[in-house]
Amino acid sequence: MHLVCLDLEGVLLPECWIAVAERTGIPELRRTTREEPNYDLLMRSRIEILDRHGLTLPAIHEAIRDLEPLPGAVEFTAWLKATAPFIIISDTFQQFAAPLMAKLGSPTLFCHELIVDAGGRIVDYKLRQKDQKKKAVEALRSLNFNVIAAGDSYNDLSMLRAADSAVLFRPTEAFARENSDLPVARTHEELKAALLAKLGK
């Protein structure tokens, strides 16, 4: 049986941190896993920036509450739900994603958790487990699923490489060059076609 594993931000939703950067006028928050492969370094930097500017979780909720799925993502998710079982495996956080998932039809999401103090200040983050994307794919394959993965950035690479097959979705040119053996989809229609081919449909 096939099972599809998708990244969330950059595949179905815009990057939440970029939305926060644009809403707050803090350009340093635009940096994502598309540019920084070291996730812990990236998150420590983000938490320090938020603290320096006095930004709390409610302020972030305000910045991202009006985010809409990427063009074509709602239709793509509905199509995939009717076509094959799938799971979204993301390095986002439950406190960010929960208000947005209903816009995608509330698919299954594996992600991490922020640690927030009583005043709403983000003080740390808690991983579901280290390298959860790769480990989730390995666990699913151990259950005899044929896993097809799709993602767009460095933090997806271990998931893509652990899967039986994979597709890059709108990667940077550098990331695509570094992984030139993987097919690239630039639109949800192209991703749909790539998945259909891998599903044998």
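Taken over the stretch 11-28, the residue count meeting the criterion of being in a helix (DSSP H, G or I), out of contact with any Ser or Thr (no Cβ under 9 Å at 6 or more places or on another chain) and closer than 30 Å to Glu75 by Cβ is 5. Every condition in (1) surrounded by 14 or more Cβ atoms within 10 Å (Cβ to Cβ); (2) in the same structural domain as Val74 (by TED's automatic domain parsing); (3) under 21 Å from Leu13 (Cβ atoms) holds for Glu189 except the one numbered (1). One residue alone among Phe96, Phe110, Phe145 is in contact (Cβ under 8 Å) with a residue 24 or more places away in the chain, in contact with a Cys (Cβ under 6 Å, 6 or more places away or on another chain) and among the aromatic types (Phe, Trp, Tyr), and that residue is Phe96. Only a single criterion out of (1) under 26 Å from Ile47 (Cα atoms); (2) touching a strand residue (DSSP E or B) at 6+ places or on another chain (Cβ under 8 Å) is not satisfied by Pro99, namely (2).
Is it fair to say Phe110 is in contact with a strand residue (DSSP E or B) (Cβ under 6 Å, 6 or more places away or on another chain), surrounded by 13 or more Cβ atoms within 10 Å (Cβ to Cβ), not in a loop (DSSP other than H, G, I, E, B) and not assigned by TED's automatic domain parsing to the domain that holds Ile49? First the steps, then the outcome.
Details: in contact with a strand residue (DSSP E or B) (Cβ under 6 Å, 6 or more places away or on another chain): yes; surrounded by 13 or more Cβ atoms within 10 Å (Cβ to Cβ): yes; not in a loop (DSSP other than H, G, I, E, B): yes; not assigned by TED's automatic domain parsing to the domain that holds Ile49: yes.
Yes; evaluated as a whole, the condition is true for this residue.
For the stretch 145-166, residues that are of a type outside the set (Ser, Thr, Tyr) and assigned to a helix (DSSP H, G or I) total 7. Considering (1) modelled with pLDDT under 95; (2) in the same structural domain as Ala193 (by TED's automatic domain parsing); (3) buried (at least 20 other Cβ atoms within 10 Å of the Cβ), the lone condition that Ala98 does not fulfil carries the number (3).
Taking the numbered list (1) touching a helix residue (DSSP H, G or I) at 6+ places or on another chain (Cβ under 9 Å); (2) farther than 22 Å from Ala84 by Cβ; (3) small (Gly, Ala, Ser) in turn, Gly151 passes all entries but (2). Filtered by the rule that a residue be among the charged types (D, E, K, R) and touching a residue at least 40 places away in the same chain (Cβ under 8 Å), the stretch 113-139 gives Arg121, Asp124, Lys133.
Please count how many residues of the stretch 151-201 are closer than 14 Å to Arg34 by Cα and touching a His at 6+ places or on another chain (Cβ under 6 Å). Total satisfying the criteria: 0.
Within the stretch 115-126, restricting attention to residues that are under 27 Å from Leu157 (Cα atoms) and exposed (fewer than 15 other Cβ atoms within 10 Å of the Cβ), the residue that is modelled with the lowest pLDDT is Lys126. Considering Asn155, Asn144, the condition of being of a type in the set (S, T, N, Q), in the same structural domain as Leu195 (by TED's automatic domain parsing) and farther than 23 Å from Leu70 by Cβ is satisfied by Asn144 alone. Restricting the search to helices (runs of 4 or more DSSP H) fully inside the stretch 31-95 and requiring at least 2 residues that are hydrophobic (A, V, I, L, M, F, W, C), in the same structural domain as Arg170 (by TED's automatic domain parsing) and surrounded by fewer than 19 Cβ atoms within 10 Å (Cβ to Cβ) gives 73-83.
The values are calculated or read from the model by the stated rules, or taken from the named source; none is laboratory data. Not measured: the values here are computed from a predicted model. Positions of Cβ are backbone-derived with ideal geometry, glycine not excepted, and every protein chain shown enters the neighbour counts.
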